[in-house]
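*Asks:* Sharing a structure here in structure tokens format.
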Amino acid sequence: AHQPNLINDPNCPADLGPEAWFILGDVVMEQPITGNTNKLFNYIEASNVYDQIIKQYPSNRLAILAWGKKGDCHLQLASQYPESYRHATNAYLSVLRLKQPDTPVSVLNQAEVGLGKVYESMAEGRPQPEREALLKESLNHYLNVVYSDAPDPAFLKIAGVNAGRVAETLGDRSAALELYRRLMKDLPALRTTWELHINALEKTLAAASPTPVPGL
């Protein structure tokens, strides 16, 4: 129902190398497609461009990056096409499954954050306990970044903020507090942000604690 035109365009060379396909995919994701006002169409097109790398060059170093980019495309598409959640999940899991010793940590962190976002989005509007199970799955993927060895700073920030939000949504304020204290050490540049979260949580926890009875 959503067939792309770019791959079938006779002006698009079929023998592009993986680097050229990858650059093309990035351009398609960012640039408006002539004659189309639907931004989501860019992600449909870009996903199919990245597929050219995955299918034609599966052993190339860019294939695993293409899986991650494909996941990002379907994460965007899921806002209108819910079936894209499954495609995004499969793409991000492929990154983790195919990782090599030289796979950039940013690519692995991207996949974990992507999975966290997928499950968090899927939890919206779901009945309990399904919603809680999806949020816990989301939190696990965010924490995989936070507690990984030498995570990419940009993805650590995203994962940290999202993990704290999900933990608080689940009502696990103690876990969120522990997380923010860790991030104070790992991302000191955002110290003010973490302090605000910590202060708010400490006040909430203090208010929830039973008032001691004098003389007991």
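The values are calculated or read from the model by the stated rules, or taken from the named source; none is laboratory data. Model, not experiment: these values are computed from the prediction. Accessible surface areas use protein heavy atoms only, side chains included; no ligands, DNA or RNA. Shrake-Rupley method; radii C 1.70, N 1.55, O 1.52, S 1.80 Å.
*Asks:* Using Cα positions and a limit of under 16 Å, work out the aspartates and glutamates in reach of LYS203, with same-chain residues fewer than 8 apart set aside.
*Replies:* GLU168, ASP172, GLU178, GLU195
*Asks:* Is there a pair in LYS70/LYS136; LYS117/LYS185; LYS99/LYS136; LYS70/LYS99 whose C-alpha atoms are over 20 Å apart, and which pairs would that be?
*Replies:* LYS70/LYS136; LYS117/LYS185; LYS99/LYS136
*Asks:* What angle do you read, to the nearest 10 degrees and between 0 and 90, between the alpha-carbon axis of helix 105-123 and the longest principal axis of the chain?
*Replies:* The angle comes out near 70 degrees.
*Asks:* Would you compute, from DSSP H runs of 4+ residues alone, the mean residue ellipticity of the chain at 222 nm, taking -39500 (n - 2.57) per run and dividing by the full residue count, rounded to the nearest 500?
*Replies:* Calculated at 222 nm, the ellipticity per residue is -23000 deg cm²/dmol.
*Asks:* Heavy-atom accessible area per residue, the chain, 1.4 Å probe: how many Å²?
*Replies:* In whole numbers, the chain has 56 Å² accessible per residue.
*Asks:* Only Cα pairs under 8 Å and at least 6 apart count here; give the relative contact order of segment 84-140 as a rounded whole percent.
*Replies:* Relative contact order comes out at 32 percent.
*Asks:* Could you work out the relative contact order of segment 135-216, using alpha carbon pairs under 8 angstrom and six or more residues apart, expressed as a whole percent?
*Replies:* Once normalised by length, the contact order is 22 percent.
*Asks:* Continuing with the same structure: Could you check which residue among PRO104, PRO153, PRO129 shows the biggest mean-square fluctuation in a GNM of the chain with a 10 Å Cα cutoff?
*Replies:* Its mean-square fluctuation being the largest, the pick is PRO129.
*Asks:* To continue, here is another question. Can you pull the percent of segment 63-216's accessible area that's carbon plus sulfur, 1.4 Å probe, other chains left in place?
*Replies:* That fraction is 54 percent.
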